[in-house]
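Pasting a structure here, questions to come.
The values are calculated or read from the model by the stated rules, or taken from the named source; none is laboratory data. The shown structure was predicted, so the numbers you read here are calculated from the model rather than taken from an experiment. Heads up, the Cβs are rebuilt from the backbone with ideal geometry, glycines too, and the neighbour counts pull from every protein chain shown.
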Amino acid sequence: MACLICEKRKAKRQCPARAQSICTVCCGTEREVTIDCPRDCPYLVASREYDAARREIDWSKLPFAEVKIPPDFAREHGGMLGKLNYAICEFAAGHREAVDADVLAALQTLAEGYRTLASGIYYENPPVHPLQRGIYEGLKAALADFKKDEAQRTGMTTTRDGNIRDALIFLTRLGATRTNGRPKGRAYLDFLRALFPEEEFQKPSSNIVLLP
């Protein structure tokens, strides 16, 4: 039987996304490009492990490479990072079409806004893309909830705008090292999902309204 995609080579792999067999070449070249691969596809899992083992990161080319973040930042601000991670995963659970590029765009845009606070002016420029805007608003809501909970728990807010900026930059950089850059890639999203119990996001729910 010929491959469903190229219609030339012999189909040897069962594609769970297409529910039909495709050839090994198309599986490799169209994976997360034109094929919206489910995260439990064995070929997707194997390819991510292979890519991770061979990846060489140029730290000088990561977003906000000039910003220095303390080595113990994640440990000291784990609560805030967890809140932001949860917000991303919660949005993605209700919007299956969201991909790594949407997450990174939202994180980077919000981080850039907080970075302008260093000059004493907060300049907000929300993403135009509906999915990216939805994640952006979800992150803002998560930060507001975190600061509110902190104030109720301790009687004051100790988290500074600089801490928030660094948290957003930290997650942006982390995403840049985890994503594979493919149009339908969700390697970073799946990495974040793995930080929570498997059943946590099985029931999609979202109170975020996507703006036109």
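Residues in segment 179-200 that are under 28 Å from V33 (Cβ atoms), in a helix (DSSP H, G or I) and free of Cβ contacts under 8 Å to residues at least 60 places away in the same chain: how many?
Of the residues in that region, 2 qualify.
Follow-up question, since we're still on this one. Mind listing whichever residues of segment 1-43 are hydrophobic (A, V, I, L, M, F, W, C) and either in the same structural domain as R96 (by TED's automatic domain parsing) or under 27 Å from the mean Cα position of the chain (by Cα) (or both)? If you could, list the steps in order and put the result at the bottom.
We begin by selecting, within segment 1-43, every residue hydrophobic (A, V, I, L, M, F, W, C); these are 1-6, 11, 15, 17, 19, 22-23, 25-27, 33, 35, 37, 41.
Passing the criteria: C15, A17, A19, C26, C27, V33, I35, C37, C41.
Of the residues A52, A46, which single one is within 22 Å of the chain's Cα centre (by Cα), modelled with pLDDT under 95 and among the aliphatic types (A, V, I, L, M)?
Working: A46 fails: modelled with pLDDT under 95.
It is A52.
Next up: What pairs come up if the first residue lies in segment 49-69 and is outside any helix (DSSP H, G or I), the second is at pLDDT 90 or above and of a type in the set (S, T, Y), and their beta carbons are under 8 Å apart, counting only those six or more places apart or on different chains?
R55/T177; I57/T177; L62/T177; P63/T172; F64/T172
Next question, about the same structure. Considering segment 17-29 alone, what residues qualify as being out of contact with any strand residue (DSSP E or B) (no Cβ under 8 Å at 6 or more places or on another chain) and within 20 Å of T179 (Cβ to Cβ)?
G28, T29
Would you check if there is a residue in segment 113-127 being in a helix (DSSP H, G or I) and under 20 Å from F91 (Cβ atoms)? Break it down stepwise before answering.
First pass over segment 113-127, keeping only residues in a helix (DSSP H, G or I): 113-119.
Next cut, under 20 Å from F91 (Cβ atoms) only: 113-114.
Yes, segment 113-127 has at least one match.
Give K140, K148 a once-over and let me know the one that is at pLDDT 95 or above, in a helix (DSSP H, G or I) and surrounded by fewer than 19 Cβ atoms within 10 Å (Cβ to Cβ). Steps first, please.
Working: K148 fails: at pLDDT 95 or above.
Criteria check complete, one pass: K140.
Only one of D40, D58 is over 24 Å from R193 (Cα atoms), loosely packed, with under 14 Cβ neighbours inside 10 Å, at pLDDT below 95 and among the charged types (D, E, K, R); which? Even if it seems obvious, please write down each step before you answer.
Numbers: D40 fails: over 24 Å from R193 (Cα atoms).
Just one listed residue meets the conditions, D58.
Name the pairs whose Cβ atoms lie under 9 Å apart, with the first residue in segment 78-100 and farther than 24 Å from T34 by Cα, the second of a type in the set (S, T, N, Q) and not in a loop (DSSP other than H, G, I, E, B), and 6 or more positions between them or separate chains?
Once the first residue is farther than 24 Å from T34 by Cα and sits in segment 78-100, its partners that are of a type in the set (S, T, N, Q) and not in a loop (DSSP other than H, G, I, E, B) give M80/N163.
I would also like to ask the following. Take the residues in segment 90-105 that are aliphatic (A, V, I, L, M) and assigned to a helix (DSSP H, G or I), then tell me which one is farthest from the chain's Cα centre (by Cα). Quick ask: steps written out before the conclusion?
Of segment 90-105, the ones aliphatic (A, V, I, L, M) are 92-93, 98-99, 101, 103-105.
Checking the rest, the ones that are also assigned to a helix (DSSP H, G or I) come to 92-93, 101, 103-105.
Numbers: A92: 9, A93: 12, A101: 7, V103: 4, L104: 6, A105: 9 Å.
Within segment 90-105, the match that is farthest from the chain's Cα centre (by Cα) is A93.
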